[in-house]
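A.B. asks: Mind having a look at this structure? Questions to follow.
Rule-based calculations on the coordinates, nothing more; no lab input. It should be emphasised that the depicted structure is a prediction, and the values quoted were computed from it without experimental measurement. Neighbour counts are summed over all protein chains in view; Cβ atoms, including those assigned to glycine, are modelled from backbone coordinates with ideal geometry.
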Amino acid sequence: MIHDYTRKRGIVHSEILLPPNAPPDFQDRGTLWNSVEQIEKACNSQLARELEVALPIELSREEQVRLIRAYCSSQFVSRGMCADFNIHDTGSGNPHAHILLTMRPMDERGKWLPKSKKEYVLDENGERIRLSSGRYKTRKVDLVDWNSQENAEVWRKVWADLANEYLAQNNRPERIDHRSYERQGIDQIPTVHIGMAASQMEKKGIATERGELNRNIKAANRLLCDIKAQIGKLKEWLLDVFKAKESLRAEPPQPKSPDLSTLLFRYLDIQKANGRKYSQSWQQQHTVDELKAISKAVNLLSEKGIYTLEELDAALSAVHDKASEIRSAMKPREARIKRLQKLIEQAQNFQKTQPIHDECKQIRWKGKQEKFAEAHRADLAVWDAANRYLRANLPDMKLTPKAWQTELAALTTENEAEYAKLKAQREEVAELQKVRRYVDTALKADAPQKTKTKHHDIDR
């Protein structure tokens, strides 16, 4: 089945690019894909290869069209493929292009050529190997390398390089990277591709498993970023405090630095003194609120065994390491959840359409089989996609959807528990941020007093 994206809402540009030897009438979408369907006789034939690429929102529509046209021409049309692309943009901030590519090469007259051929498998003496059925052993040999797995990585890289080139030409600083977060060294969990059907359901307010997974991943990533950003700020502040302490070592010996509890209660005294200009009722309420906050901070420091700035620094490092540990535990779990969801989906598709595929294969009359295949083209395409995915990921084709569902539920529960741990880490960092504010106020209030005393001594 070939998807006609020109009928979708939000199509802003459609175009077909042909190699020089292709018939000119292939510029008509119907003519092109009818020709493809006519040449593919088998029930499980793959009619087209589909690619989807996200377009940089920083480029104008004209530049987006030029970009996708240059990409298709250089990577596909130049190798003999027909490229049918449609740019889709509903105004939601996610412009993208659907690219449909033909699977067969063409000769110089524009006639379709075979995708593959069979050749005899030979033994060590160069003789054909006879099977028990009496036939000779053969193998399939692709006549073009378009199905090579290496192409996927090449096409992703070329797209990133070409898009970045267009961004640079338009004086845009943004850049895209075809590599995974892990390969880029980005400490985040990637989201999953939600798909057309799930996307439509989500727009209608219907929650889907993939949508829920993406929401959980995004929430976890936000927590990770927030924790690390807050820890970074606290570390910078501590570094400044330590530098200030180092500068004092060259001066005459100073009294021992007060511990964090002393500084917290020093902050309380400062707030009490600053509140004297307000009404007595306000002072009383403010004092109660501040006392509660300071008591909570002192209890936290006591529970964590944090009494000095150095111990606070060590505690922040421990929180950072803990957050990283949680992230490391979540990452393979999220990957397994994605895989299980895909396996369950494809297994359901396979089992649902298997009877139709079997019925098609059992039809011996060629004409009748072709008629049946045409009437059930969509179901057979679903079966073919599911079959190819399952065979690539399950060589033994052992389908265990119930076991997968059980494992999926267990992993989801574990991830929810890890997410709760991340929230606890963020709350701890938030409390330490409050401690930093209290301590910083106390240190800054004491600094002018020390300077004044020093000048007085000089005057004397």
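A.B. asks: Spin-label point model (7 Å from Cα, Cβ direction): what's the residue 394 to residue 411 distance in nm?
C.D. replies: 1.4 nm
A.B. asks: Full-extension gain between residue 70 and residue 165, please, as 0.36 nm times their residue separation minus the C-alpha to C-alpha distance.
C.D. replies: Between residue 70 and residue 165, full extension yields an extra 33.0 nm.
A.B. asks: Among the listed pairs 423/444; 304/331; 118/157; 338/402; 342/402; 157/398, give every one whose C-alpha distance is greater than 24 Å.
C.D. replies: Check vs 24 Å cut-off fails for 423/444; 304/331; 118/157; 157/398.
A.B. asks: Please list 134-147, 323-336 highest first by mean number of surrounding beta-carbon atoms within 10 Å per residue.
C.D. replies: Listed from highest to lowest mean packing, they are 323-336, 134-147.
A.B. asks: For region 311-316, just list the computed ³J(HN,Hα) in residue order, Karplus coefficients 6.51, -1.76 and 1.60, θ = phi - 60°, integers in Hz, with x standing in for Gly and Pro.
C.D. replies: 5, 5, 4, 5, 5, 5
A.B. asks: Long-range amide H contacts for residue 13: which residues qualify at under 5 Å (H placed 1.01 Å from N, peptide plane, sequence gap of 5 or more or a different chain)?
C.D. replies: 87
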